[in-house]
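Single-structure report; data block below.
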Amino acid sequence: MLARMGVLAIDPGVNKSGFAFADRLRIVTRALDPTRSDGDDERLADHIQSLVEERDVSTLLVGLPLTMGGEETGQAERVRVLIALLHTRFPKLEIVAYDERLTTKEAESRLREHGYSGREIRTRKDSWAALVLLEDWLRSGEPR
């Protein structure tokens, strides 16, 4: 078992991906800056590597897109390819795929509650969706 360190949550998108981080004690969570990868998984993996190198990370939490009925979407296949790449790039890290249903809607709602609108929401929603994903996973007892 890996030493308990931080968790990097990833909300992978075709054009832009969002990120959030939880410290090893799971007390502090925060959204990080999103990045554009324009469908290039290697470019996205390079960015993830830089985030991992900047923090003590033992777990990558990757949002898996599911339908409301719980089946994987067409986008889920692309995420599974990314997860396979991450396993290759980060063999010492635990990589967990986790249901990301409704995280974007919740992120948009939270952003509106914080007074953001329009372009500000579009700019921040991917990383706030990663934050919602991370907080849900932590509240659920960190299921594997």
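The values are calculated or read from the model by the stated rules, or taken from the named source; none is laboratory data. Owing to the predicted nature of the structure, the values given are computational and were not obtained by experimental measurement. Note: ideal-geometry Cβ built from the backbone for every residue, glycine included; neighbour counts use all protein chains shown.
Please find, among 136, 99, the residue that is of a type in the set (Asp, Glu), within 19 Å of residue 4 (Cα to Cα) and surrounded by 11 or more Cβ atoms within 10 Å (Cβ to Cβ).
Working: 99 fails: within 19 Å of residue 4 (Cα to Cα).
Result: 136 is the single residue among 136, 99 that is of a type in the set (Asp, Glu), within 19 Å of residue 4 (Cα to Cα) and surrounded by 11 or more Cβ atoms within 10 Å (Cβ to Cβ).
Tell me which residues, restricted to the range 1-45, are more than 9 Å from residue 126 (Cα to Cα) and among the basic types (Lys, Arg).
The answer is 4, 24, 26, 30, 36, 43.
When the range 22-48 is examined, which residues are found to be touching a residue at least 60 places away in the same chain (Cβ under 8 Å) and either assigned to a strand (DSSP E or B) or surrounded by fewer than 12 Cβ atoms within 10 Å (Cβ to Cβ) (or both)?
Result: 22, 29, 30, 31, 32, 33, 34.
How many residues are within 24 Å of residue 136 (Cβ to Cβ), touching a helix residue (DSSP H, G or I) at 6+ places or on another chain (Cβ under 7 Å) and in contact (Cβ under 8 Å) with a residue 40 or more places away in the chain if we restrict to the range 49-78?
Selection size over the range 49-78: 4.
Can you pull out every residue in the range 25-56 that is touching a Ser or Thr at 6+ places or on another chain (Cβ under 8 Å) and of a type in the set (Asp, Glu)?
Passing the criteria: only 33.
Spot the failing condition for residue 80; the list is (1) outside any strand (DSSP E or B); (2) surrounded by 17 or more Cβ atoms within 10 Å (Cβ to Cβ); (3) within 14 Å of the chain's Cα centre (by Cα); (4) not hydroxyl-bearing (Ser, Thr, Tyr), and only one is missed.
(2)
Restricting to the range 114-131, give me the number of residues that are in a helix (DSSP H, G or I) and over 15 Å from the mean Cα position of the chain (by Cα).
6
Please find, among 111, 86, 51, 134, the residue that is hydrophobic (A, V, I, L, M, F, W, C), closer than 18 Å to residue 14 by Cβ, modelled with pLDDT of 95 or more and in a helix (DSSP H, G or I).
Values: 111 fails: closer than 18 Å to residue 14 by Cβ; 51 fails: closer than 18 Å to residue 14 by Cβ; 134 fails: closer than 18 Å to residue 14 by Cβ.
Result: 86 is the single residue among 111, 86, 51, 134 that is hydrophobic (A, V, I, L, M, F, W, C), closer than 18 Å to residue 14 by Cβ, modelled with pLDDT of 95 or more and in a helix (DSSP H, G or I).
I need the full set of residues from the range 111-133 which are more than 18 Å from residue 76 (Cα to Cα), of a type outside the set (Phe, Trp, Tyr) and buried (at least 18 other Cβ atoms within 10 Å of the Cβ), in order please.
If the condition is that a residue be more than 18 Å from residue 76 (Cα to Cα), of a type outside the set (Phe, Trp, Tyr) and buried (at least 18 other Cβ atoms within 10 Å of the Cβ), then 111, 124, 125, 127, 131, 132 are the ones that fit.
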